[in-house]
Amino acid sequence: MKRAADDDMTEKKAVAHKKASVAFPRVRLKRAFEEVSAEIKRTIFSGVLKPGDILPSEQHLAGQFGVSRQTVREALRRLEASGFIVTRKGVSGGPVVVDTILDSMKDLFLDAFLVKKITTEELTTARLDIEKIVLKNVFKMKDEGELTRIRQALEEAERKLDQGIEGFEDNIRFHKLLARATKNYVFVILVESLMTVVAHFHSMLKINLATIKSAHRAHFLILDAIEKDDEPRAQAELEKDILHVDLWYRKLSARAHRTGAPKNAG
């Protein structure tokens, strides 16, 4: 019985990390690594290569593309830096297709935010406009599965708060789940990027448990309004929630002004 279970587990692992069978065309030698990288990206975008697929070896790729292994190595480095693949060690390792592009975009968004010294007022205005549109689309979709996922997340967060765990990450997660409930990946990208900046400011503030609980209660009210198909109430609660966070930003700005720190705390 144990051996059968082990064989079954081995088979599942083999499926999860299968070698991708894909043929690549030869490329021109001028800046060949860019063409190699672009061609591999095209196979990912087209769905031929999927997250979890292991690319062929450097030697095999070099033969298919008609380039040197060094060229392939440079192309893979670019793909990894862009969040398309990761390199895993071990016998079943190698370049593996992953879905971390969103993480890369969020990091770039935060960098741009800090470099451009965007103010907290601008962030709050953008949040109000974007998240209200997101909420409107949540009402259009009314996906029961997504709403159930949001409620489960809120209930899990409530259990943490009852234990005195100050997890503001759960409050951030609520807004991300709302975006996913739209079934529109553009909204997901926008909100995930905004939440990266919000998390940056949250990490700089001394947010107490009472403030976190207040936001948590607001999220339950928003969800309740969604479940009862009351969009005006949901929009009003969302606006109050975002503006409440903005009060903390204003305190940060006032504190920064007193100490001579930059207003955006970047």
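Every number in this text was worked out from the coordinates using simple rules, so none of it is lab data. Quick caveat, the model's predicted, so the values are computed rather than measured. Ideal geometry is used to build each Cβ from the backbone, glycine not excepted, and the neighbour counts take in all protein chains shown.
Things to note:
- Phi-based couplings in Hz for region 220-237 (Karplus 6.51, -1.76, 1.60; Gly and Pro marked x): 5, 5, 5, 5, 4, 5, 5, 5, 9, 6, 10, 5, x, 5, 4, 5, 5, 5
- Calculated FRET efficiency, residue 152 to residue 209, Cβ-Cβ distance, R0 = 30 Å: about 0.85 to the nearest 0.05.
- Close amide H contacts of residue 94 (hydrogens built in the peptide plane, cut-off under 5 Å, sequence separation of 5 or more or a different chain): 88, 89.
- Note that region 114-130 has calculated 3J(HN,Hα) couplings of 6, 5, 7, 6, 5, 7, 5, 5, 5, 4, 5, 4, 5, 4, 4, 5, 6 Hz, one per residue in order, obtained from phi through the Karplus relation 6.51 cos²θ - 1.76 cosθ + 1.60 (θ = phi - 60°); glycine and proline are x.
- Working from label points 7 Å from Cα in the Cα-to-Cβ sense, the residue 59 to residue 250 distance is 6.7 nm.
- Seen from residue 223, the other residues with C-beta closer than 10 Å to its C-beta sum to a net charge of -1, counting Lys and Arg as +1 and Asp and Glu as -1.
- Scanning residues 5 or more positions from residue 85 or on other chains, those with amide H under 5 Å from its amide H are 80, 98, with H placed 1.01 Å from N in the peptide plane.
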